[in-house]
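The values are calculated or read from the model by the stated rules, or taken from the named source; none is laboratory data. Predicted model only: the values in this text are computed from it and were never measured. Glycine gets a Cβ as well: all are built from the backbone with ideal geometry, and neighbour counts include every protein chain shown. Protein only, heavy atoms only, side chains kept; ligands, DNA and RNA dropped before computing areas. Shrake-Rupley method; radii C 1.70, N 1.55, O 1.52, S 1.80 Å.
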Amino acid sequence: MKYQSTRGRALALDFEDVLVTGLATDGGLYVPTEWPKLTAETIAGLAGKSYAEAAQTVMWPFVSESIDRAAFAAIIEDSYVGFDHQAVAPLKQLDSDLWLMELFHGPTMAFKDYALQLVGRLFDHVLAKRGERRTIIGATSGDTGSAAIEACRGRESVDIFILHPQGRVSEVQRRQMTTVIEPNVHNIAIEGSFDDCQDLVKAMFADTALRRDVGLSAVNSINWARIMAQIVYYVTAAAALGAPQRPVAFAVPTGNFGNIYAAYAAREMGLPVARLVIGSNTNDILTRTLTTGLMQIDKVVPTLSPSMDIQVSSNFERLIFDLLDRDGSAVTAAMDAFRETGRLDLGADRVGHMRSLFDAARVDDDGTLATIHDMYRTTGELIDPHSAVGIAAACAVERSSEVPLVSLACAHPAKFPDAVEKATGVRPPLPERHADLLEREEAFTVLPNDLGAVTRFVRDAARTVQAA
Ligand SMILES: *Cc1c(COP(=O)(O)O)cnc(C)c1O
């Protein structure tokens, strides 16, 4: 299996190199040169299998040339054994034709664990094999930092530094990061805003000497391995609801387009996916694109679903690549124009093509709260604001009663207790394993918003590397 860049100018790589490279050298994102096929027998054979067994079957063709089968099986087993639900990604029925897939049973109670727990271990495995180390640096406004830290904690070949704006993340979010006490985990509270944190990270990535000396790397959402790991739960959900005979539809609360792109990938592999519903909050660039054909940047506004407060959905480029017939130079021209002007006209034909599979709906904060309220009233389920955007979008678009619709619950309601309480009057408790979060010991370093100070800290704390 080879992977090619969406911009067409970077060398095709194998899985191992794609994993550690992340973004292609031409600025593009890696996609498989062709999709491995899930046959009807394979899908039927997944019914009744464990999540780990299904994960092996679905992902093996993507990695088989880079990783030994027994090692891969052990890594998968280890990735999901710590989840606090034995089904890993359980389905809950909400209505005769509506299901909720709970993706919050990992260590940080959000769906990013499903990919990052695996990616952290794969990273460690590949780097150990190569005798290399990497230093991961990232900025977070809340959620992604903790999922990345949990993925990297205690890994031999990786040091991780996560910058957060001091005093500007919620206590639960901060503690999910700062109570991970490991020699390779470094939390830095920057005296500044989230944008300052991001600028510092960008500047460190632009520092060639630092990049080389500490082997800088990122585990952001454009990494192909994260998409790959997310394909698995679409397949297990469809198999549980009657695939390959019966098609399914999915509704996905969408920010960077990584999660819903994995559903698209599952369909390209042969999973009978009838419809994909994009749920947007007020930051609705994707919904507007699907409606008008024009992708146009707007200002980011804060909402009750902060993990979706994004204007440019980086993984959307992977879909554009297919819409432009996998023509790398056309994608380069389109993305350059988009960066320059803040707009990209996809054209009626391409958007028509996209609409044959995708629907989209925008849900504002009032709609989000109303949906949380309704779900509690009609099913007794407490759902978080991101999950509510998915369900509200699912209910806003036309559906077929023959096709069960699975809406994704991307975060545990206890991660967003204020919104849930406001909508229902009930404050969702933290799951038992996190119940002592507010009492655990914390460790973090406060640094000024100063590139020199942060760079020095990273150089001192990172273990020596011989990375390429
Ligand atoms: C990251 C995240 C999203 C958005 O997922 P994308 O893959 O970026 O589209 C939605 N909800 C929650 C809770 C998240 O953490």
Answer yes if at least one residue in region 282-300 is closer than 20 Å to SER141 by Cα, outside any loop (DSSP other than H, G, I, E, B), touching a strand residue (DSSP E or B) at 6+ places or on another chain (Cβ under 7 Å) and touching a residue at least 60 places away in the same chain (Cβ under 8 Å), and no otherwise. no
Filter region 248-281 for residues that are within 15 Å of the chain's Cα centre (by Cα) and part of a helix (DSSP H, G or I) and give the result. GLY258, ASN259, ILE260, TYR261, ALA262, ALA263, TYR264, ALA265
Looking at (1) under 24 Å from GLY255 (Cα atoms); (2) without any contact (Cβ under 8 Å) to a residue 60 or more places away in the chain; (3) in contact with a helix residue (DSSP H, G or I) (Cβ under 6 Å, 6 or more places away or on another chain), which is the one condition that is false for ILE76? (1)
Would you please name the residue that is farthest from the ligand (Cβ to nearest atom), looking only at residues in region 306-319 that are open to solvent by 10 Å² or more (accessible area, probe 1.4 Å) and of a type in the set (S, T, N, Q)? GLN311
State all residues of region 54-71 that are surrounded by fewer than 20 Cβ atoms within 10 Å (Cβ to Cβ) and either under 19 Å from TYR233 (Cα atoms) or touching a Pro at 6+ places or on another chain (Cβ under 8 Å) (or both); if no residue qualifies, say none. GLN56, THR57, TRP60, PRO61
Go through region 274-305 and count every residue that is within 15 Å of the ligand (Cβ to nearest atom) and touching a helix residue (DSSP H, G or I) at 6+ places or on another chain (Cβ under 6 Å). 9
Single match in ASP143, ASP97 (criterion: open to solvent by 10 Å² or more (accessible area, probe 1.4 Å), more than 21 Å from GLN56 (Cβ to Cβ) and over 21 Å from the mean Cα position of the chain (by Cα)): ASP97
Just a yes or no: is a residue in region 223-239 part of a strand (DSSP E or B) and either over 29 Å from ASP17 (Cα atoms) or touching a helix residue (DSSP H, G or I) at 6+ places or on another chain (Cβ under 6 Å) (or both)? no
Hey, any hits in region 386-404 for a residue that's out of contact with any Ser or Thr (no Cβ under 8 Å at 6 or more places or on another chain) and within 16 Å of the ligand (Cβ to nearest atom)? no
One residue from GLU77, GLU41 being at pLDDT 95 or above, over 21 Å from the mean Cα position of the chain (by Cα) and outside any loop (DSSP other than H, G, I, E, B): GLU41
Taking the stated definitions as given, is ASP374 at pLDDT 95 or above, within 16 Å of the ligand (Cβ to nearest atom) and open to solvent by 40 Å² or more (accessible area, probe 1.4 Å)? no
Do the conditions hold for LEU271, that is, is it more than 10 Å from the ligand (Cβ to nearest atom), of a type in the set (A, V, I, L, M) and open to solvent by 10 Å² or more (accessible area, probe 1.4 Å)? no
Just to verify a result, which residue in region 337-370, among those that are closer than 24 Å to VAL300 by Cα, surrounded by 13 or more Cβ atoms within 10 Å (Cβ to Cβ) and free of Cβ contacts under 8 Å to residues at least 40 places away in the same chain, is nearest to the chain's Cα centre (by Cα)? GLY367
